[in-house]
Amino acid sequence: MLHRAALVVALSLGVITVQAETVHAATPGDYPHEIQQWRDKRTANLTSPTGWLSLIGLEWLHEGDNRVGSAADNDIVLKAGPAHLGVVHLDKDGAMHIALAADSGATIDGKSVSEAVLVDDQHAGESTPTTVAFGTANFYVIDRDGRKGLRVKDSAAETRAHFLGIDYFAVDPSWRIVADWVPFDPPHKLEIGSVIGTIDKVDVPGKAVFKRNGHTFELLPYQEEPGGELFFVLADRTSGKETYGAARFLYAALPKDGKVVLDFNKAYNPPCAFTGFATCPLAPPENRLDVAITAGEKKYRGEH
């Protein structure tokens, strides 16, 4: 989503060198163990009580008062919680405030208060967005291109309770590729669409260039936070067949000595492969590769 977009600072990350072919892990015996550790961490994050499998709703707010609760007479009907939780007010300027019903039993950021200002995920800074919790469920506000919505989670969600696990291609060291890094100065602009129809313009600090089966391919990353890892949203010939159709994600450490490691064994599905309540980015045309990347996560068997 875009898990949040941030401006990317210009980078000077090495020089252009001759294109590199596939490079295997230094110690083959350690590599499968490394990938298994990565997979275990991935599963733990996904299945945690607040992970993506816990999503039970994405409810867009309208200007003015929004009555929230599980009863049918609310403006926003939740799948969990008290019949009448309270009222979320959205001002024309985007400011938000919540007033809880007297008997809601809900808390705001862990405190038993009756009302509070709501801070969304794009304006929380280094902190977290204001969280309203009730029973096993909670929500906070997300901002997507100026639209405000309640992201509702429940640790008792059916998607979490009945998770079918993650299927992978066999670990293949040949898909751990050391690519050439071609820096852009200044950064290039790239438009990233999303499943909810928004378009974000992100700064691309450079491109990763690699060869596979005699053909040259390029991938454009951005950074979710200034100075953060490179983030690739990509698709390939397996997309919509063996793998999730919209995209897969891949992180890579910052380039060093003109090289960047693309370990496609760590390519993974976006949250939208598991839930209809996420706002995932789509692979841009520039990152749709004409090659079958038979590494990383496969399509989820329980795909909604």
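Go through the residues of the stretch 149-162 one by one and say whether even a single one is touching a Ser or Thr at 6+ places or on another chain (Cβ under 6 Å), more than 29 Å from residue 193 (Cα to Cα) and loosely packed, with under 15 Cβ neighbours inside 10 Å.
yes
So, in the stretch 193-221, exactly how many residues are part of a strand (DSSP E or B) and within 16 Å of residue 179 (Cα to Cα)?
13
Only residues that are under 24 Å from the mean Cα position of the chain (by Cα) and either in a loop (DSSP other than H, G, I, E, B) or surrounded by fewer than 16 Cβ atoms within 10 Å (Cβ to Cβ) (or both): list them for the stretch 171-184, please.
171
If residue 45 meets every condition in (1) under 30 Å from residue 267 (Cα atoms); (2) in contact with a strand residue (DSSP E or B) (Cβ under 8 Å, 6 or more places away or on another chain) apart from one, which number is that one?
Of the numbered conditions (1) under 30 Å from residue 267 (Cα atoms); (2) in contact with a strand residue (DSSP E or B) (Cβ under 8 Å, 6 or more places away or on another chain), the odd one out for residue 45 is (2).
So the check is Cβ under 6 Å with 6+ separation or different chains; which pairs have a first residue in the stretch 204-226 that's open to solvent by 40 Å² or more (accessible area, probe 1.4 Å) and at pLDDT below 95 and a second one that's part of a loop (DSSP other than H, G, I, E, B) and not small (Gly, Ala, Ser)?
What qualifies is 226/9.
Might you let me know whether the stretch 193-204 holds any residue that is farther than 30 Å from residue 59 by Cβ and of a type outside the set (Asp, Glu)?
Looking through the stretch 193-204, at least one residue is farther than 30 Å from residue 59 by Cβ and of a type outside the set (Asp, Glu).
The values are calculated or read from the model by the stated rules, or taken from the named source; none is laboratory data. Fair warning: this is a prediction, and the values are worked out from it, not measured in the lab. Don't worry about glycine lacking a Cβ; one is built from the backbone with ideal geometry, like all the others, and counts go over all protein chains shown. Protein only, heavy atoms only, side chains kept; ligands, DNA and RNA dropped before computing areas. Shrake-Rupley method; radii C 1.70, N 1.55, O 1.52, S 1.80 Å.
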